[in-house]
Every structure is written in C-alpha cells, then in structure tokens.
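Step one of this worksheet: look at the structure below.
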Amino acid sequence: MAFQILINLVIAIIWMFLNESYYFIDFVLGYLLGIWLLFLLRRFIPGEFYFKRVYAIVYLIFLFLKELILANIEVLKLVYKPKMTLEPGIFALPTELKTNWEITLLANLITLTPGTLSVTLSNDNKLIYIHAVDISDVEDTIKQIKDSFEKAIMEVTR
C-alpha cells in the first residue's frame, strides 16, 4: 500500500513538472491521474489496490458519524420521555477481531457512541463487555454492532 501511494505521489509531481504549473490544483489533478493509472495497472503492481482501503476508512468514518447522530437522537428520546422505562445492563459482545488495534478501535467506537460504554475485555480477547443505557433486545444490539462497526473495521484492517 505504501509503495502504491509513493508511486501515486511521484505521478502527481511528474504531472506538475510536465505541465510546468506548480499550483495545488495541478497536483490534485496529477494525483487523480495517478489513481486512475494505478487502477488500470493494478495487476502489475504488488498488493491490493490501495484506494479500496482508503474507501473503507472513509466509509468507517461516515458510519461512525451516522451512528453517533442516531445514538444521540435515541438518548434524547429516552431523556425527554415523561416516564423513563430504561433497561440498563451489561452484555457480552462476542468479537471476531484478532489484533489489539482492531479490538481497541471497536471498543472506542462503542464508547464514543452515546448510551454505551465498553467496560472490559475478556482474558482471551473474544468478548467485550458493554454497558448500555437501554438494552431491551440484547441479540438485536449485538447483531447491529457486528453488522456495522465490526464488519467495517475488518474491511479496513484486512
């Protein structure tokens, strides 16, 4: 991936020199040209096309922002209910993530989302214990986290 980014930067700089124009917009155009060339020549360059991972990172960021907004709305609804019928509790989230970095990222994304908090991790790194403000359906909550955050993290890191 780093090799492809380096090639892309070189293509962008060569584009600027060939056009004899040293403005930022020319660098961006050269960079976009480099992405296109790397995409066309991807079978001759070692490794997977790097822009797939860039896309996965951007997708994870927007997924987190979407979940953050939705969780804020849900917490706001819970707070402004005339009668609070909360079911707080702690549940175990089984995870397929392997590395410490992946598990830490998932735990932090869960903690940063309002209404949830990562409490601890099991000794074998297979379970993350999560406290939630309202867990009326634990299985649905686990499925939602695995289908959104965990899946997006695996796309970024693998």
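The values are calculated or read from the model by the stated rules, or taken from the named source; none is laboratory data. Note that this is a predicted model, so its numbers are computed, not measured. A quick note on method: Cβ atoms are made from the backbone with ideal geometry, for glycine too, and the neighbour counts reach across all protein chains shown.
Worth pointing out:
- Within the range 19-36, the residues that satisfy the criterion of being within 22 Å of Met1 (Cβ to Cβ) and either outside any helix (DSSP H, G or I) or in contact with a Phe, Trp or Tyr (Cβ under 7 Å, 6 or more places away or on another chain) (or both) are Gly30, Leu33, Ile35.
- Matching residues, the range 38-48, being surrounded by 15 or more Cβ atoms within 10 Å (Cβ to Cβ) and in a helix (DSSP H, G or I): Leu38
- Matching residues in the range 111-134 - criterion: being of a type in the set (A, V, I, L, M) and under 18 Å from Glu87 (Cα atoms): Leu117, Val119, Ile130, Ala132, Val133
- Any hit, the range 30-46, residues being within 24 Å of the chain's Cα centre (by Cα), outside the structural domain of Glu139 (by TED's automatic domain parsing) and among the β-branched types (Val, Ile, Thr): yes
- Subset of the range 90-114 (residues that are more than 14 Å from Phe149 (Cβ to Cβ) and either of a type outside the set (Phe, Trp, Tyr) or not assigned by TED's automatic domain parsing to the domain that holds Ile145 (or both)): Ile90, Ala92, Lys98, Thr99, Asn100, Pro114
- Which listed residue is touching a Lys or Arg at 6+ places or on another chain (Cβ under 7 Å) and of a type outside the set (S, T, N, Q), from Val156, Val119: Val156
- Hits in the range 82-114 (condition: more than 25 Å from Glu155 (Cβ to Cβ), surrounded by 12 or more Cβ atoms within 10 Å (Cβ to Cβ) and touching a strand residue (DSSP E or B) at 6+ places or on another chain (Cβ under 8 Å)): Gly89, Ile90
- Where Ile25 falls short, out of the listed (1) under 27 Å from the mean Cα position of the chain (by Cα); (2) outside the structural domain of Asn108 (by TED's automatic domain parsing): (1)
- Check on Ala152, in contact with an Asp or Glu (Cβ under 6 Å, 6 or more places away or on another chain) and closer than 30 Å to Tyr31 by Cβ: no
- Of all residue pairs spaced 6 or more apart or on separate chains, those with beta-carbon atoms under 8 Å, a first member in the range 59-76 that is assigned by TED's automatic domain parsing to the domain that holds Leu106 and more than 11 Å from Phe149 (Cβ to Cβ) and a second member that is of a type outside the set (Lys, Arg) and part of a helix (DSSP H, G or I) are Tyr59/Ala152; Tyr59/Glu155; Leu68/Leu112.
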